[in-house]
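Only the coordinates and a few stated rules stand behind these numbers; no lab work does. As the structure is a computational prediction, the values presented were derived from the model and not from experiment. Don't worry about glycine lacking a Cβ; one is built from the backbone with ideal geometry, like all the others, and counts go over all protein chains shown.
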Amino acid sequence: MEWQAECNCGQLRVVCSGQPDRVSVCHCTNCKRRTGSAFAWNASFSAEAVTTAGERYSFARATDSGRTNVYHFCPTCGSTVFYDVEMRPGMISVPAGAFASADFPPPTVQVFDQRRVAWCTIDAG
């Protein structure tokens, strides 16, 4: 099975083979700012299962836990298509919405739940 994610303009793409190793929802402040939403829905794959195509810019930032994430985004439309999480070496994370698939697996993990907005209820297995 292959999953293809892309930016809004289609210039930056990522193809992930197989099922994700982890599908999560993050309620941290930085993920909320990155997505413009109440949480981020993310999928992580082994780096060997991921191929990328297209031009990208990268932005590194410190996380709430003091580690570094590096976000890779399209220089044309600005969409983040994948990122590297320092605490998960050898893995590539993809905002699950970038797959634009109604069949994408649901989250099984929630992180920073203490920062969840009061109205948000997610059944993460």
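Can you tell me which of 77, 26, 16 moves the most in a GNM of the chain? Springs connect C-alpha atoms under 10 Å apart. Per the Cα network of the chain with a 10 Å cutoff, 77 tops the list. Neighbours of residue 65, meaning other residues whose beta-carbon lies under 13 angstrom from its beta-carbon, give a summed charge of +2 when Lys and Arg score +1 and Asp and Glu score -1.
The helix-based estimate of mean residue ellipticity at 222 nm for the chain, built from -39,500 (n - 2.57) per DSSP H run of four or more residues and divided by its residue count, is -1500 deg cm²/dmol to the nearest 500.
Look at the alpha carbon pairs under 8 Å that are at least 6 residues apart: their mean separation over the length of the stretch 2-115 gives a relative contact order of 33 percent.
Charged side chains reduced to their Cβ positions (Lys and Arg at +1, Asp and Glu at -1) give the stretch 62-125 a dipole of some 120 debye around its Cα centre. The slack between residue 109 and residue 58, meaning 0.36 nm per residue of separation minus the straight C-alpha distance, is 15.8 nm. Taking every Cα-Cα distance in the chain and sorting them into 5 Å bins starting at zero, the pair-distance distribution P(r) comes out as 2, 11, 21, 26, 21, 13, 5, 1 percent.
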